Structures are given as C-alpha cells and as structure tokens.
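Since the structure comes first, as structure tokens, the remarks are kept for the end.
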Amino acid sequence: MTDNQRFTSVWDAIEDTPQEAASLRARSHLMMNIAEAIRVQGLTQAQAAALFGVTQPRISDLARGKVALFSLDALMDMAAAAGMAPAITVTVPKVPAARRARKRAPAHA
C-alpha cells in the first residue's frame, strides 16, 4: 500500500525540515519575481548584472532557477536594486509550537 501524503508546496515535499522548506520557498519566490522584472524591463543578462552589481553568470544562474546558489539576503538586495519593494510576511500558527511538538511525540509503550 502506498502512503499518499499531501504537501503545501514542492519545497515541503523535498526538504527535511519546515525551516529549510520555508527558506527555499522564499528564495524561489524572489528569484521568479526578479527574473520576471528582468524580462519585463527587456534587460539582457549583462545589463541586469550591471544593475544588480553581480556578474553575468550570476544572472544566468538566477534565470535557470539555481535556488541553492542564492542567499535570501542577496536576493532581497537584487530585488531592491530592480526597484521592487521586497517584504517578508510572517503568519502566526494557530497552535503554539510547544503544543504541536507534544502532539507529534511518539507514545512510549
């Protein structure tokens, strides 16, 4: 029998922890928006690199979605340089983390 799990995003499915998934989700979202801004403004990779203060190969990595190569800080800086207003949204869980951890703890037999 197969275990059919459902995940909120692909990052939740492939990462080991919610923290890693959240980081990748934020970075990929920024990368997609930066790449779209480059496209909409009609910039070449060289022009985008000059705007962001990075090398052209770095823009190529961004365009190819190489999420692991970018920190959240670097992407926030690039988004701001592109004239975007990057922001971080935090949601509060309905159940406090301590209670969630207790619910998941295995029962000792």
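The values are calculated or read from the model by the stated rules, or taken from the named source; none is laboratory data. This one's a predicted model, so the numbers in the text were calculated from it and none came from an experiment. Using ideal geometry, Cβ is built from the backbone for each residue, glycine included, and neighbour counts are taken over all protein chains shown.
For the range 8-18, the count of residues that are exposed (fewer than 12 other Cβ atoms within 10 Å of the Cβ) and modelled with pLDDT of 90 or more is zero. Restricting the first member to the range 38-55 and to residues that are over 16 Å from Gly83 (Cα atoms) and outside any loop (DSSP other than H, G, I, E, B), and the second to residues that are at pLDDT 95 or above and of a type in the set (Val, Ile, Thr), the beta-carbon pairs closer than 6 Å and six or more apart or on different chains are Gln45/Ile59.
Pairs meeting the criteria (first residue in the range 75-92 and surrounded by 15 or more Cβ atoms within 10 Å (Cβ to Cβ), second residue of a type outside the set (S, T, N, Q) and modelled with pLDDT under 90, beta carbons under 8 Å, at least 6 apart or on different chains) are Leu75/Pro86; Met76/Pro86; Ala79/Pro86. Residues in the range 34-69 that are polar (S, T, N, Q) and modelled with pLDDT of 95 or more: Thr44, Gln45, Gln47, Thr55, Gln56, Ser60. Restricting to the range 49-83, name every residue that is among the hydrophobic types (A, V, I, L, M, F, W, C) and over 14 Å from Ala26 (Cβ atoms). Result: Ala49, Ala50, Leu51, Phe52, Val54, Ile59, Leu62, Ala63, Leu69, Ala80, Ala81, Ala82.
Considering only residues that are surrounded by 12 or more Cβ atoms within 10 Å (Cβ to Cβ) and among the small types (Gly, Ala, Ser), which ones fall in the range 52-64? Matches in the range 52-64: Ser60, Ala63.
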